[in-house]
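Please treat every number below as a calculation from the coordinates, not as lab data. Keep in mind that this is a model prediction, so the values were computed, not measured. Reconstructed Cβ throughout: ideal geometry from the backbone, glycine too, with neighbour counts over all protein chains shown.
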Amino acid sequence: MTDAQLPTDPTDVKDVLLRTNDDFRQLASEHHELDERIQQLARLAYLTDQQQFEEIALKKRKLALKDRMAEIMRQPLPRH
């Protein structure tokens, strides 16, 4: 890619990274899995103490993954 072809929109950068960066793809996959589990817990009428603890831990892990993905997105894309 030339400089003129490098994406600048965050969505475009994410799409390129999902196609080209194995680490980013792994982080995004885990982020998605955590999000699904958090949504499952959110649909429950009542959370046990253990489920509340799990939900908090999942949200912290998901945020850490999001931060790592954002860090990768800020780095220059490789030129092909």
Handout entry: Given the chain, longest segment not containing exposed loop trypsin sites (Lys or Arg not before Pro) (DSSP; at most 16 other Cβ within 10 Å)
Key = 1-42
Fill in the blank from the handout: Taking a straight Cα-to-Cα line shorter than 16 Å from LYS62, and setting aside same-chain aspartates and glutamates fewer than 8 residues away, one finds ASP23, GLU30, GLU33, ASP35, GLU36, GLU54, GLU71
Fill in the blank from the handout: Measuring from the longest principal axis of the C-alpha atoms of the chain, the long axis of helix 10-20 (C-alpha) lies at a number of degrees, nearest 10, equal to 80
Problem - Karplus-derived HN-Hα couplings along region 28-38 (A = 6.51, B = -1.76, C = 1.60, θ = phi - 60°), whole Hz, x at Gly and Pro - result: 5, 5, 5, 4, 5, 4, 5, 4, 4, 5, 4
Handout entry: Length-normalised contact order of the chain in % [C-alpha pairs under 8 Å, at least 6 apart]
Key = 44
Completion exercise
Between the Cα axis of helix 49-74 and the main Cα principal axis of the chain, the angle (0 to 90°, nearest 10) is 10
Exercise for the section: Could you name the lysines whose alpha carbon sits less than 16 Å from that of LYS14, not counting residues in the same chain fewer than 8 places away? Expected result: LYS66
Fill in the blank from the handout: In a Gaussian network model of the chain with springs linking alpha carbons closer than 10 Å, the residue among GLN50, GLN40, GLN26 that fluctuates most is GLN50
Fill in the blank from the handout: Only helices counted: for the chain, with every DSSP H run of 4 or more residues adding -39500 (n - 2.57) and the sum spread over all residues, [θ] at 222 nm is -25000 deg cm²/dmol
